[in-house]
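What follows is a single structure, written as structure tokens, with notes after it.
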Amino acid sequence: MKKIKLVLVAIVAVLTFSCSSDSSSSNNNNDSTYIKFKVNGTQVNLIEPSTITSLMASISASEDLGTDIRSIFFTIPVDVTLGAHAITDASPSDLTAYSVNYSLGDTYVTATSGTMTVTSIGAEYMEGTFSFTGVDNGTTYNITEGAFRAYKPTSN
């Protein structure tokens, strides 16, 4: 059921929402976007996350590992604010919730608790940190030392 929910959210996002993208090919680190974190102590670095805005905003990134796909998908309010925000497994209809899903192959983790701290919101980008815990098939996953720089949500 969890996988179906993620697939449906992704399909709806791709079909109906506008997407922010960087049309320049600058190598300036000030223009780079990323999501970095550790999964049970193992470092993961994803580059060029996308930001999609509709009633909620989502920031996501993925990588093809050959036999599996790794991805992380944040859902945040469009009017995101500076400061610490609780990450929960709230209903998708809660437009004020901060939630996140992590997947690797057949593993699908919905965060049940954690924190996203937005440290900077500029004209084009937002930055922050995060950590969360979730469970898949009885195995607990601890996502720690998370950091991101992504395009900030825009109102349509």
Extension reserve of the Leu95-Ile47 stretch, reckoned as 0.36 nm per residue once the Cα distance is removed: 14.6 nm
Accessible area of segment 84-137 belonging to carbon and sulfur atoms, whole % at 1.4 Å probe: 49
Förster radius 30 Å - calculated FRET efficiency between Thr119 and Thr140 (Cβ-Cβ, nearest 0.05): 0.65
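In whole Å and largest first, what semi-axes does the C-alpha gyration tensor of segment 44-117 yield when each eigenvalue is scaled by 5 and square-rooted?
Working: eigenvalues 100, 37, 25 Å².
After scaling each eigenvalue by five and taking roots: 22, 14, 11 Å.
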Normalised alpha carbon radius of gyration of segment 35-76 [divisor 2.2 N^0.38 Å]: 1.27
Inter-part distance where segment 56-104 and segment 105-148 are each reduced to a Cα centre, Å: 7
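The values are calculated or read from the model by the stated rules, or taken from the named source; none is laboratory data. Computed from a predicted structure; not experimentally measured. Glycine also receives a Cβ, built like all others from the backbone with ideal geometry; neighbour counts cover every protein chain displayed. Heads up: the accessible areas ignore ligands, DNA and RNA and are worked out on the full protein's heavy atoms, side chains in. Shrake-Rupley method; radii C 1.70, N 1.55, O 1.52, S 1.80 Å.
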